[in-house]
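Structure record follows, encoded as structure tokens.
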Amino acid sequence: MSHIHIDIQNLSFAYEEQQPILQNITLHASEHEAIGIIGANGVGKSTLLKLLVGLYLNFSGHIRIEEIPVEAKTLPLIREKIGYVFQDSDSQLFMTTAYEDIAFAPRNYGLPEAEVERRVTQALKLVGIQHLRDKQIFKMSGGEKKLVSLATILSLTPDIILLDEPSVALDPRNRRQLIKLLNSFEHLKIIATHDLDLVLDTCQRTIILANGRIVADGPTQELLTNRKLLEDNGLELPLSLSRK
Amino acid sequence: MNKISGALTEINKLNSTAQGSSVMHRLHPLAKLLLTIFYIAMLMSFGKYQIFGLVSMSIYLFIGFHLSRLSLKEGLWRLRLILPLVSMVGLANPFFDSHQFVFGSQTLNAGWISFITLMLKGIFAVLASYLLIATTSIEQICYAMRLAHLPKILVTQFLLTYRYLTLLLEQADTISQAYALRAPKQTGIHFKVWGTLAGQLLLRSIDRANALYDSMLLRGYQGEYYYGGPLAAWNKKDWRYLVSIVFLLLLLRLLPWSLLYTKILGGKFL
């Protein structure tokens, strides 16, 4: 088994009793994999990602990140290994400038200022936004904010990246840039999205969720070309395929 | 632009101003914070008739505005919100203060002097605070507060309240715009929907605040705010500025200003 992996066994979760969001989810994700999680609205895609970083701990079953169980006492360690990009960048960014926001996590982990500076510079370079270093967040466009959000998680050099609807509110150019960027990352990536074309362009493996359960798990090319499977689960063929 | 958008613009403008690079901006945030507190304490120490001494304290503001390259005019413009409040507080003085100030054959109701003194104290204190926040980001102020050994919980509250304020305003702005678009003939928000909108505002802003807090937690936040930016180190120029301004303010405070009334103007309080 590779060093970097996620292991989920019989995971179930409900915000309120009697209203289960996720039921009996079991999956394994390995190093360098890029997995797209798709499904109709409200099937629990975002919830699954939030459970992986321990934002909710009242689940049943087991979640292990690199053999570390997700529980209250392991959260700092888990969150150092996983970078989570929120759907809404305005919910992710809260400092005044890009530099301050990207430096927030390394500082919290007690890194010396010279190392913080190095990490921020490296994260900015990886995402290709060195020019935004001192730009104020409120002056940024949606695309710029999304890229800064990505940089904020990269400053901790995570092994795993979780992205919740990363292409929402991006124009075609920014979306293309994001896809290129995601493909350049060698991390284990899990992307929860409605943008099936994005999944087609970035993920080799796809998981379809419906009614809180995994209904399909397999190669993206195979699943996203199966019209019946998609339509049975409230989805449609990706736009790029439906035109053919 | 409605009032909420205006308030948001003001906050964003202030954030931009705080990112400047003047001498004042480059001073250590703790030096600026301590000086502001010291200055306000000095202002408060003046008696209600010590108007000349109080006026001399304006020198701190002139120096500060000059070094920060901020517009004093803009600072004064921002006073418009606080000025009516300060006026209200002191408005009764001319009527209830029975003392008289006599110089030569002229007699002046001392209540007017105490009223002006109170106004000046308010104006100077607000301008000094403006000088601080317009040259120091909220992160730097929080960092300075922690260096001054203020409790962690208090600093966190301060920082999050500031963040929450922006969130609240953003949500209020969105709600009021959505309302205005569907109620084009109304000038404000009808009182019948105040309750619903206030509830919506609270729920939405709590949601957003929770998301932001999650984002902080995911990036290792554990209740302590760390700042290590370029201003983290305290150096000689900070000492020089702090000591010289404290010395100047103390000197002005200790000057026998009352002699100006009695010897030069030849007046006295009755």
| field | Residue list for the range B:168-209, filter: within 9 Å of another protein chain (Cβ to nearest Cβ) and either touching a Pro at 6+ places or on another chain (Cβ under 9 Å) or not acidic (D, E) (or both) | value | B:R208
| Can you name every residue in the range A:140-167 that is under 20 Å from A:H32 (Cα atoms) and in a helix (DSSP H, G or I)? | A:L150, A:A151, A:I153, A:L154
| remark: Scanning the range B:14-29 residue by residue, those within 25 Å of B:L251 (Cβ to Cβ) and buried (at least 17 other Cβ atoms within 10 Å of the Cβ) turn out to be B:M24, B:L27, B:H28
| note | Those residues of the range B:97-138 that are within 14 Å of another protein chain (Cβ to nearest Cβ) and among the polar types (S, T, N, Q) come to a total of 3
| request: Examine the range B:30-45 for a residue that is at pLDDT below 85 and surrounded by 19 or more Cβ atoms within 10 Å (Cβ to Cβ), and state whether such a residue exists. | output: no
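Among the candidates A:Y109, A:Y56, A:Y99, single out the residue that is within 12 Å of chain B (Cβ to nearest Cβ), in contact (Cβ under 8 Å) with a residue 40 or more places away in the chain and in contact with an Asp or Glu (Cβ under 9 Å, 6 or more places away or on another chain). Spell out how you get there, then give the answer.
Values: A:Y56 fails: in contact with an Asp or Glu (Cβ under 9 Å, 6 or more places away or on another chain); A:Y99 fails: in contact (Cβ under 8 Å) with a residue 40 or more places away in the chain.
Within the list A:Y109, A:Y56, A:Y99, the selection yields A:Y109.
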| query | Any residue at all in the range A:59-73 that is in contact (Cβ under 8 Å) with a residue 12 or more places away in the chain, under 23 Å from B:R208 (Cβ atoms) and within 13 Å of chain B (Cβ to nearest Cβ)? | reply | no
| Which members of the range A:76-96 meet the condition of being out of contact with any helix residue (DSSP H, G or I) (no Cβ under 8 Å at 6 or more places or on another chain) and either facing chain B (nearest Cβ under 8 Å) or modelled with pLDDT of 95 or more (or both)? | A:P76, A:E80
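Take the residues of the range A:153-176 that are within 22 Å of A:R119 (Cβ to Cβ) and among the polar types (S, T, N, Q): which is surrounded by the most Cβ atoms within 10 Å (Cβ to Cβ)? Outline the logic, then answer.
Taking the range A:153-176 as the starting set, the residues that turn out to be within 22 Å of A:R119 (Cβ to Cβ) are A:153-163, A:166.
Pick out the ones that are also among the polar types (S, T, N, Q) and you get A:155, A:157.
Details: A:S155: 27, A:T157: 15.
For the range A:153-176, the residue satisfying everything is A:S155.
For the range A:182-244, which strands (runs of 3 or more DSSP E) that fit wholly inside it have 1 or more residues that are under 13 Å from the mean Cα position of the chain (by Cα)? Give the derivation first.
On the way: elements: A:188-192, A:205-210, A:213-219.
In the range A:182-244, the matching strands (runs of 3 or more DSSP E) lie at A:188-192.
Inside the range A:42-73, can you point out the residues that are of a type outside the set (A, V, I, L, M) and in contact with a Gly (Cβ under 8 Å, 6 or more places away or on another chain)?
Start the filter on the range A:42-73 by keeping residues that are of a type outside the set (A, V, I, L, M), which leaves A:42, A:44-47, A:50, A:54, A:56, A:58-62, A:64, A:66-67, A:69, A:71, A:73.
Within the range A:42-73, A:G44, A:K45, A:E71 qualify.
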| Going through the range A:13-40 one residue at a time, which ones are part of a loop (DSSP other than H, G, I, E, B) and in contact (Cβ under 8 Å) with a residue 60 or more places away in the chain? | A:E31, A:H32, A:E33, A:G39, A:A40
| message | I'd like to check something: does the range B:218-238 contain any residue that is touching a residue at least 40 places away in the same chain (Cβ under 8 Å), surrounded by 15 or more Cβ atoms within 10 Å (Cβ to Cβ) and part of a helix (DSSP H, G or I)? | response | yes
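Per-residue answers, yes or no, for (1) under 32 Å from the mean Cα position of the chain (by Cα); (2) part of a helix (DSSP H, G or I); (3) more than 30 Å from B:I133 (Cβ to Cβ):
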site: B:L159; (1), (2), (3): yes, yes, no
site: B:Y162; (1), (2), (3): yes, yes, no
site: B:L165; (1), (2), (3): yes, yes, no
site: B:L168; (1), (2), (3): yes, yes, no
site: B:A172; (1), (2), (3): yes, yes, no
site: B:S176; (1), (2), (3): yes, yes, no
site: B:Y179; (1), (2), (3): no, yes, yes
site: B:G199; (1), (2), (3): yes, yes, yes
site: B:S205; (1), (2), (3): yes, yes, no
| query | Assuming A:L57 fulfils every condition listed in (1) farther than 30 Å from A:D197 by Cα; (2) within 17 Å of the chain's Cα centre (by Cα) apart from one, which condition is it? | reply | (2)
| request: Note down all Cβ pairs under 9 Å where the first residue falls in the range B:186-211 and is under 14 Å from B:T174 (Cα atoms), the second is part of a loop (DSSP other than H, G, I, E, B) and of a type in the set (D, E), and they're at least six residues apart or on different chains. | output: B:R208/A:D88
| query | Which one of B:F62, B:F52, B:F46, B:F38 is in contact with a Phe, Trp or Tyr (Cβ under 6 Å, 6 or more places away or on another chain) and either closer than 14 Å to B:A128 by Cα or of a type outside the set (V, I, T) (or both)? | reply | B:F52
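Regarding B:I141, is this residue assigned to a helix (DSSP H, G or I), buried (at least 21 other Cβ atoms within 10 Å of the Cβ), within 14 Å of chain A (Cβ to nearest Cβ) and among the β-branched types (V, I, T)? Steps first, please.
Numbers: assigned to a helix (DSSP H, G or I): yes; buried (at least 21 other Cβ atoms within 10 Å of the Cβ): yes; within 14 Å of chain A (Cβ to nearest Cβ): yes; among the β-branched types (V, I, T): yes.
When the stated conditions are applied, B:I141 passes them.
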| Failed item, numbered, when A:A14 is tested on (1) more than 18 Å from A:N233 (Cα to Cα); (2) at pLDDT 95 or above; (3) of a type in the set (A, V, I, L, M, F, W, C) | (2)
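The values are calculated or read from the model by the stated rules, or taken from the named source; none is laboratory data. Just so it is clear, the model here is predicted, and its values are computed rather than measured. When we count neighbours, we look across all protein chains shown, and the Cβ atoms used for this are built from the backbone with ideal geometry, even at glycine.
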